[in-house]
1. Quick one: dipole size for the chain, taken about the Cα centre, charges +1 on Lys/Arg Cβ and -1 on Asp/Glu Cβ, in debye to the nearest 20.
2. Hey, what's the Cα Rg ratio for the chain versus the globular rule of thumb, 2.2 N^0.38 Å?
3. If a paramagnetic tag sat 7 Å from the Cα of residue 426 along the Cα-Cβ line, which residues of the range 192-235 would have the backbone N under 18 Å from that point?
4. What is the range 168-261 by shape, rounded, prolate or oblate, if you read a ≥ b ≥ c off the alpha carbon gyration tensor as root eigenvalues and call it rounded for a/c under 1.5, prolate for a/b larger than b/c, and oblate otherwise?
5. Sum up the charges of everything whose Cβ sits under 12 Å from the Cβ of residue 244, counting Lys and Arg as +1 and Asp and Glu as -1, but leave residue 244 out.
6. Roughly how many Å² is the accessible area per residue of the chain, as a whole number, for a 1.4 Å probe?
7. Would you be so kind as to identify which of 311, 388, 442 lies farthest towards the positive end of the dipole of the chain, taking Lys and Arg as +1 and Asp and Glu as -1 on Cβ and the Cα centre as origin?
8. Using 1/(1 + (r/R0)^6) with R0 = 25 angstrom and r between the beta carbons of residue 167 and residue 356, what's the FRET efficiency to the nearest 0.05?
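The values are calculated or read from the model by the stated rules, or taken from the named source; none is laboratory data. If you're wondering where the values come from, they're calculated on a predicted model, not measured in any experiment. Cβ placement follows ideal geometry from the backbone for every residue including glycine, while neighbour counts extend to all protein chains displayed. Accessible surface areas use protein heavy atoms only, side chains included; no ligands, DNA or RNA. Shrake-Rupley method; radii C 1.70, N 1.55, O 1.52, S 1.80 Å.
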Amino acid sequence: MPKIGQETKIKQPYNQHGGEGKSVMQRYFIWTIGCQMNKAESQQITGYLGSVGHQAATSFSDADLVILNTCVVRQSAENKVLGTLGLLKGLKNKHPNLQILVTGCLVDSDTQELKRRFPQVDLLFKPGDYHELIAWSERRGVSIEQEASLSTISSPCAFTPIIQGCDNFCSYCIVPYRRGKEVSRPLGEIVCEVEELVRRGIKEVTLLGQNVDSYGHDLPEHPDLADLLNELSSIDDLARIRFLTNHPKDISMKLIDTLASLNKVCEHLELPVQAGDDDILRAMRRGYTVERYRELVHTIRRKIPQISLSTDIIVGFPGETEEQFEHSLSLLKEMRFDVIHVAAYSPRPGTIAWREYQDNIPSEVKRERLHKIEELQAAIASEINSQFQGREVEVLVEGRKRGKWFGRTRSNKLVFFEDAGDWLGQLAIIKIEKTSPWSLRGEVKK
Ligand code: SAM
Ligand code: SF4
């Protein structure tokens, strides 16, 4: 079994100035914000750049190639992107050789307009469109191979996108406009990729899609996520499989039964509810009611009692009354999720909600509602996690932070422990000694 990162191939050192003669490697810095899909895509870009000998830099100022992997799901994320582009403009004025590449959800179909707004950027490419990146590199005299995206691995956990885009058009969401229609990757291609990742030392794979329950509907034989999980489960040396995000209107009994029956598939689901009120859910165009969601969670918990559940919720959707917000709060109290990602509604130009509704909930009210949910969830997560006190859990060790090893349990709980040994990529049994709403701490048993 290779050690993690062992198979990084250096194919063709880069000459920064495109001239002949001495080869100069480029130092690259990838700045990423947003969802797991963005993180996965940055991991793939790292693979491409590593495969041609570029070295990771530690900051913008230390780099001669910068890649911004952007998110515009909320205005706050977009503001960070715009601020960073401003900072890079200044840096490029001082260092004209600095190359700036931009990808992620900022990149819409009107790249001409983006080029006009951000003349400091050398290349804009749509999320996952590596042909553009490869062609750009080719024009500069460096050929990157299509398969090279796996070449730099520094963790035992990898993300594997299985379906791009989204066909749902929830009224608040910009993702379908930026990532396009759903396109599934062929099942065989995903299996080959995961086999290769495992050969390179990966122990855990997380399958990604905006809606993994749509996986396969556009493929010739219509395989679904359950079929894919069955195939992946037979890969020796792959210890764990995760997937996200599920959609409450689409998740199937077949998938829930598969999750219950396959040992390698971890007992964790991300099942965004978004609101606890039927009128708001209808205005959001989510395609389910509170009652349907409640029944779904009961079924999942009955079939998989040890399941851990995460959810997303939006507060301050246009017109959300105090009573409707209370409905969300009481659903969260009743469901007792392990993790909640809460966001204040942010109008996104071009979306249905932006066209049809006024953003009429004042920001102080949104903030107050957000804090109420955060407070409630801190108490719930604290109670749930305290049940781990004194228990032994299996942790896949992902790395070290401030002198402590860290990793996750099958149910996605973050665990820290101290030990002098080399635990990277190992499955450790940890006895939990201390718990908090956000993480667990313990000592190694074996
Ligand atoms: N596909 C997933 C789903 O169906 O929920 C999530 C994808 S979305 C990129 C991630 C989260 O961002 C959503 O679950 C939602 O809570 C939040 N989000 C999306 N658009 C938003 C908006 N306009 N304002 C506030 N939060 C938003
Ligand atoms: Fe956005 Fe809805 Fe698609 Fe999730 S399912 S990406 S929230 S449109």
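1. Details: 58 positive and 61 negative charges, 259 e Å.
So the magnitude is around 1240 debye.
2. 1.01
3. Residues 201-204 qualify, since their backbone N sits under 18 Å from the label point.
4. Details: a/c = 1.87, a/b = 1.58, b/c = 1.19.
Since a/c reaches 1.5 and a/b is larger than b/c, the shape of the range 168-261 is classed as prolate.
5. Net local charge, residue 244 excluded: -1.
6. Heavy-atom accessible area per residue stands at 45 Å².
7. Going by the charge dipole, the pick is 442.
8. So, using R0 = 25 Å, E works out to roughly 0.80.
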